[in-house]
Amino acid sequence: MGERTYINGSYKNILVSETENAGCLNTILIRINRPDAMNALNIELMGEIASVLTAADKDDKAGCSVITGSDKAFAAGADIKEMADANSAEIYEREMFASWDVIRKVKKPVIAAVSGYALGGGCELAMLCDMIAASESAKFGQPEVNLGVIPGAGGTQRLTRAVGKARAMEIILTGRMVSAYEMFEAGLLTKVSPDDKYLDDAMSLAKAICGKPTLAVQLAKESVLKAFDTTIESGIEFERKNFYFLFSTEDKKEGMKAFVEKRKPEWKQR
Ligand code: CAA
């Protein structure tokens, strides 16, 4: 089953807890917790998130993770103070995006529950997640141009794929803040909720996923992500292989048998 001590482990920059969902897998909640720095994402913090998500992947009881911040800030970007004195060689050698690459490869779904500022690296962390559920007053943006740099954690790529060239160019080149409703209409967000409900709504979404057979969920995630970096031809081939693969799982047998027998499936999670 994997080590479960990660849930109540002691972290410097995040809080981790678990919600038990009756009759299905659990949700892991990661709360970014640097209130004095608007939840700015330093290297250590990103390492902590990566290690929790890696452990959740190996935890048979975990179905889905949610990353949130405070009502005021999901995260106001990469930690500018950590980068302020670095030159090109230093920032290159620091490998500040190593944990981002780990998170990108996580198998189980991750939902961002965003309120307040999601700027720069904060917006990029939300986009690195599989879905974004936001509060009405959340503010997104890629303001790096105001610091003399550009997004460095995937912003130019993921925002462009999500909202299209016209909108992404304008958002990234002006560095302006964008409301949750505008981002929802542009296609970046899965859901926008009242400020006092966004986390509950993200947790409900996670719970719905926790009730599904985990291998099917993971391969569905992998297949959707494949659509971002391949041709339609090889994407369909990839999807088909995953579809065939799932026919060897216990849950495929149970899911189809339960349908035929007109009863609810009892997932075995294998
Ligand atoms: N890094 C480090 N510290 C930050 C921070 C950041 N990204 N954002 C805020 N803080 C700190 C502030 O320095 C301040 O600390 P002190 O009290 O020690 O001075 C504290 O958090 C509170 O912030 P403000 O006083 O600025 O709060 P505000 O309510 O007036 O403004 C804000 C809020 C609009 C979010 C403003 O803090 C802001 O513009 N932050 C920076 C946003 C930004 O430029 N993000 C991009 C970072 S670069 C990046 O992310 C690169 C990448 O792609 C990987």
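Rule-based calculations on the coordinates, nothing more; no lab input. Here the structure is a predicted model, which is why all the values come from computation and not from measurement. So basically every Cβ, Gly included, is an ideal-geometry build from the backbone, and we count neighbours across all protein chains shown.
Remarks
- Size of electric dipole in the chain: Cβ of Lys, Arg +1 and of Asp, Glu -1, about Cα centre, debye, nearest 20: 1000
- Once the Cα atoms are used to define both axes, helix 250-260 deviates from the longest principal axis of the chain by about 60 degrees.
- On full extension, the segment bounded by GLU237 and GLU182 gains 16.3 nm, given 0.36 nm per residue less the C-alpha separation.
- On Cα atoms only, tilt of 198-210 relative to the major axis of the chain in degrees: 40
- Within region 14-210, DSSP assigns beta bridges of which about 30% are antiparallel (rounded to the nearest 5).
- Straight-line reach from LYS241: taking Cα to Cα under 16 Å and skipping same-chain neighbours fewer than 8 places apart, the aspartates and glutamates in range are GLU222, GLU233.
- Pairwise Cα inverse-distance average, inverted: Kirkwood Rh of region 176-233 (Å): 13.9
- Of the cross-linked pairs LYS81/LYS108; LYS58/LYS253; LYS108/LYS226, those separated by over 26 Å at the C-alpha level are LYS81/LYS108.
- Sorting 110-123, 143-156, 62-75 by average packing, meaning the other beta carbons within 10 Å per residue, from highest down gives 110-123, 62-75, 143-156.
- The order of the peptides 170-181, 227-238, 20-31 by mean Cβ neighbours within 10 Å, most packed first, is 20-31, 170-181, 227-238.
- Multiplying each eigenvalue of the alpha-carbon gyration tensor of region 50-204 by 5 and taking the square root yields semi-axes of 24, 21, 13 Å, largest first, rounded to whole angstroms.
- Cα-based shape type of region 131-264, given that a ≥ b ≥ c are square roots of the gyration tensor eigenvalues and the cut on a/c is 1.5: oblate
- Once both labels are positioned 7 Å from their Cα atoms along Cα-to-Cβ, the gap between THR160 and LEU246 label points is 3.2 nm.
- When each of LYS226, LYS212 is scored by the number of other beta-carbon atoms lying within 10 Å, the sequence from fewest to most is LYS226, LYS212.
- Cα-based shape type of region 1-59, given that a ≥ b ≥ c are square roots of the gyration tensor eigenvalues and the cut on a/c is 1.5: prolate
- Annotation: Cα Rg of the chain relative to the compact-globule expectation 2.2 N^0.38 Å equals 1.03.
- Spin-label zone in region 38-77 - amide nitrogen under 19 Å from a point set 7 Å from the Cα of GLU93 along the C-beta vector: 43-44
- Approximating the spin labels as points 7 Å out from Cα along Cα→Cβ, the VAL149-to-LYS12 distance works out to 1.9 nm.
- At 0.692 mPa s and 37 °C, Stokes D of region 214-260 from Kirkwood alpha-carbon radius, µm² per second: 288
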